[in-house]
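Engineer: This structure is in structure tokens; I'll ask about it shortly.
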Amino acid sequence: MERLDKLLASTGRWSRREAKALIKEGRVLVDGAPERSAEARADPAASLIQVDGEALSCGGYTYVMLHKPAGVLSATEDPRQGTVLDLLPKELRRRGLFPVGRLDKDTEGLLLLTNDGALAHRLLSPKNHVDKVYYARLDRPLGEADREAFARGVTLADGSRCRSAGLTLLGGGREVLVTLHEGKFHQIKRMAASRGAAVCYLKRLSMGPLELDGNLNKGEYRLLTREEVAKIGGKG
């Protein structure tokens, strides 16, 4: 049994102060009855908790979409540098979230954070071939020959070979969309280098069926909708 205001705050949608205000206003029902005491206790696994008629999931798994900015690490903690978890409120950090995969420190865009380890494993497993789409700006244009090389699978400087990847040329070839089916270290930068180009800017737009919300500014986050959780195979 946990305090009602704490349970509401654990969803990440409200602070403890906001949760207390909702309860005081009579907008929170527990098993169909209004509860006006923030100190009231409820079982998140057994009680039906509703806010303005919407049933909440106050326990179990959490799924967060973050628009990662440049300059922060895709890690849960680091003694010297800021991490993506530092961008979340403490109510969410207490839920044991971790990033699903990594984005380089200077790379922006879609990052999924969750405490659902099984889902993370499925999304990252090479055998599942979850597509990831990136937008990149380059210091020199790529062309049709480069698109064909990406499709065949380029060989990197260390001799390792990449799987076939999609390359869509934009803006005369200095802007591109890259679709990866795997996740090697600094892969897009190394693939571009193999074709004589350097990446000046990189942003992840999608991961499987999950697309970056265009309304999220850099550093902002939101919880996934039920439809999005279902699309990626999570547990809503």
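Engineer: How much net charge surrounds residue 157 when only other residues with a Cβ under 13 Å from its Cβ are counted (Lys, Arg +1; Asp, Glu -1)?
Structural biologist: +4
Engineer: If you don't mind, another one. Filter the chymotrypsin sites (Phe, Trp or Tyr not before Pro) in the stretch 96-200 to those in DSSP coil with at most 12 other Cβ atoms within 10 Å of their Cβ, and list the result.
Structural biologist: 185
Engineer: Distance in nm between label sites at residue 55 and residue 21, each 7 Å beyond Cα in the beta-carbon direction?
Structural biologist: In this crude spin-label approximation the distance works out to 2.8 nm.
Engineer: I've got another one for you. For a label point 7 angstrom out from the Cα of residue 155 toward its Cβ, which stretches of the stretch 190-217 have the backbone nitrogen within less than 18 Å?
Structural biologist: Those under the cut-off are 190-197.
Engineer: Can you give me the relative contact order of the chain as a percent, contacts being Cα pairs under 8 Å and 6 or more apart?
Structural biologist: Relative contact order of the chain: 19 percent.
Engineer: Could you work out Rg/(2.2 N^0.38 Å) for the stretch 48-187, with Rg from alpha carbons only?
Structural biologist: Compared with the compact-globule rule of thumb, the stretch 48-187 sits at 1.28.
Engineer: Would you mind classifying the stretch 2-55 by shape? Square roots of the alpha carbon gyration tensor eigenvalues, ordered a ≥ b ≥ c; an a/c under 1.5 is rounded, otherwise it is prolate if a/b is larger than b/c and oblate if not.
Structural biologist: Rounded shape, in that the Cα axes give a/c under 1.5.
Engineer: Same structure, new question: Once you sort the root eigenvalues of the Cα gyration tensor of the stretch 86-135 as a ≥ b ≥ c, which label holds: rounded (a/c under 1.5), prolate (a/b larger than b/c) or oblate (the other case)?
Structural biologist: Since a/c reaches 1.5 but b/c is at least a/b, the shape of the stretch 86-135 is classed as oblate.
Engineer: Determine the sum of side-chain charges near residue 222: Lys and Arg each +1, Asp and Glu each -1, restricted to other residues whose C-beta is under 11 angstrom from that of residue 222.
Structural biologist: -2
Engineer: Could I ask something else about it? What is the dipole size for the chain, taken about its Cα centre, with +1 at each Lys and Arg Cβ and -1 at each Asp and Glu Cβ, in debye to the nearest 20?
Structural biologist: Computed charge dipole of the chain: roughly 500 debye.
Engineer: As a footprinting exposure proxy, order 24, 90 by other Cβ within 10 Å, with the fewest listed first.
Structural biologist: In increasing order of surrounding Cβ atoms, one gets 90, 24.
Engineer: Taking the simple approach of a point 7 Å from Cα along Cα-to-Cβ for both residue 40 and residue 163, what is their distance in nm?
Structural biologist: About 5.1 nm, to one decimal.
Engineer: Give the Rg (one decimal place) followed by the Dmax (whole number) of the chain, computed from C-alpha coordinates and expressed in Å.
Structural biologist: 21.2, 67
Engineer: Greater than 21 Å separation of Cα atoms is the criterion. Which listed pairs, 90/235; 90/132; 184/218; 20/218; 68/127; 105/132, meet it?
Structural biologist: 90/235; 90/132; 184/218; 20/218; 68/127
Engineer: Over the alpha carbons of the stretch 131-207, what is the largest minus smallest coordinate on each principal axis, giving the biggest first in Å?
Structural biologist: Per principal axis, max minus min of the Cα coordinates gives 29, 26, 20 Å.
Taken together, the values in this text are just the output of simple stated rules run on the coordinates, not laboratory data. Computed from a prediction, not measured in an experiment: that's the story for all the values here. Using ideal geometry, Cβ is built from the backbone for each residue, glycine included, and neighbour counts are taken over all protein chains shown.
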